[in-house]
Amino acid sequence: MLIKSIYSNGKNDLELITSLMDNGIKFSNNDFIILEELIDILEPFYEISIKCQAGTAVTASLVVPSIVHLTAHLRDIKQNVSFCAKLIQQLQESIKTRFSGIFNRLNLAELIDNAPYADSLYLMAAVLDPLFKFYWIRDLQLSVPMETRLKQSIIQLIIDEMNNDSTTTTT
């Protein structure tokens, strides 16, 4: 990440570099705090992007755990941010809108047919992947009864899908 490279130079080195420029830029202490906050906020997005682009993982099984992780990360980091709270809010809203189908399924809400990522495939792929299983559900911080209901709902999706496949192959 470019921001991380800039930040890793340190304030003294950056001041030395910018003093050599015609229109010298001065970094304030707040600028460094903002850079640090941006790195903390965006690092998981970068890591997930790299995982999705590496050809070694089943991308469909990464979707739900990644979205849940990013949502939990933004929720948890929100209290530790001074300058980038609006960015976090915008990222949260964007993720919830873009992946509304997943959130509807996770909240056991009414499904909208054309909601993005509403296909049950994403939940089933995550649970059936030995790397993820149900581990990612912890990040949702659900009550025990809600977590149990969600797990039962996903298991039922898998059973229904298996039954659909078996009836199609026998006919």
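Just so it is clear, none of the values below were taken in a lab; they were calculated from the coordinates. Predicted model only: the values in this text are computed from it and were never measured. Cβ atoms come from the backbone with ideal geometry, glycine included; neighbour counts cover every protein chain shown.
Find me the longest stretch of the chain that has none of the exposed chymotrypsin sites (Phe, Trp or Tyr not before Pro), where exposed means in a DSSP loop (not H, G, I, E or B) with at most 16 other Cβ atoms within 10 Å. Working shown, then result.
Numbers: sites that count: F27, F83, F134.
By the stated rule (loop sites, at most 16 other Cβ atoms within 10 Å), 28-82.
The gain in end-to-end length when the S94 to K11 segment is fully stretched comes to 26.6 nm, 0.36 nm per residue minus the alpha carbon separation.
Of A118, A60, A109, the residue with the greatest mean-square motion in the GNM of the chain, using alpha carbon springs below 10 Å, is A109.
Short-range pairs are left out: with C-alpha atoms under 8 Å and at least six residues apart, the relative contact order of the chain is 19 percent. On the beta carbon distance between L142 and E110, with R0 = 30 Å, the FRET formula returns roughly 0.95. In terms of surrounding Cβ atoms within a 10 Å radius of their Cβ, M124, M162, M146, M21 rank from fewest to most as M21, M162, M146, M124. Full extension of the chain between E47 and L87 yields a length gain of 12.6 nm, computed as 0.36 nm times the residue separation minus the alpha carbon distance. Of the residues V144, V64, Y122, the one whose Cα sits farthest toward the positive end of the charge dipole of region 2-170, with +1 on the Cβ of Lys and Arg and -1 on the Cβ of Asp and Glu, is V144.
The per residue volume of the convex hull around the alpha-carbon atoms of the chain is 164 Å³.
Relative to the Cα centre, the charge distribution of the chain, modelled as +1 at Lys and Arg Cβ and -1 at Asp and Glu Cβ, gives a dipole magnitude of about 260 debye.
Return the tail of the calculated pair distribution for region 8-56, meaning the percent of Cα-Cα pairs more than 13 Å apart. Of all Cα-Cα distances in region 8-56, 67 percent exceed 13 Å.
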